[in-house]
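What follows is a short report on a single structure.
Just so you know, all these numbers are worked out from the coordinates, no wet-lab data involved. Quantities reported herein were computed from a predicted structural model and do not represent experimental measurements. Quick reminder, even Gly has a Cβ in these numbers, built from the backbone with ideal geometry, and neighbours come from all protein chains shown.
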Amino acid sequence: MDPKEMEQKKQMVLSMCICGSCPSWVACDEKGGFCFPTIGKSNCITEENGCICGGCPVTEKMGLKNMYFCTKGSEKEQLGM
Ligand code: SF4
Ligand code: SF4
């Protein structure tokens, strides 16, 4: 995927992300999208108080297998890629 395509995909993920409504969410300068490889883990969220990624349209669209991307890393990272 070229950099422009990657950036477009990232913006699409950010526009659909529902992390802001999650009980684990910590408000800081982050915008979510932690499942995305060029975003990855949060620097603000450290406590796992529930994850709503399963209900996010990105999970269905991209066929994500994991959750808690904010604390455990992006989908690629958690798949060991
Ligand atoms: S799957 Fe989770 S981290 Fe990824 S965009 Fe949706 S709510 Fe955010
Ligand atoms: S990745 Fe999951 S646990 Fe983390 S903020 Fe998003 S919905 Fe909540």
Q. Can you tell which of CYS17, CYS56, CYS28 shows the greatest fluctuation in a Gaussian network model of the chain with Cα springs below 10 Å?
A. CYS28
Q: Sum -39500 (n - 2.57) across every DSSP H segment of at least 4 residues in the chain, then divide by the residue count to get the 222 nm mean residue ellipticity, nearest 500.
A: -8500 deg cm²/dmol
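Of SER24, SER74, SER15, how do they rank once you tally other Cβ atoms within 10 Å and put the fewest first?
Taking fewest neighbouring Cβ atoms as first place, the list is SER15, SER24, SER74.
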Q: Evaluate the relative contact order of the chain (contact order divided by residue number), counting alpha-carbon pairs under 8 angstrom at least 6 apart; express in whole percent.
A: 30 percent
(Q) Using 0.36 nm times the number of residues separating MET6 and SER21, minus their current alpha carbon distance, what extension gain do you get? (A) 2.9 nm
Q) Where nothing but the Cβ of Lys and Arg (+1) and of Asp and Glu (-1) is charged, how large is the charge dipole of region 3-78 around its Cα centre, in debye to the nearest 20? A) 220 debye
Q: Taking the Cβ of each residue in VAL26, VAL13 as the centre, tally the other Cβ atoms inside 10 Å and list the residues starting with the fewest.
A: VAL26, VAL13
Q: With everything on Cα atoms, drop me the angle between helix 3-16 and the longest principal axis of the chain, reported from 0 to 90° to the nearest 10.
A: 40 degrees
Q | Cα radius of gyration and Dmax for the chain (Å) | A | 11.7, 36
Q: Report the paramagnetic label zone for LEU14: residues of region 31-53 whose backbone N is under 18 Å from a point 7 Å from Cα along the Cα-to-Cβ axis.
A: 31-45
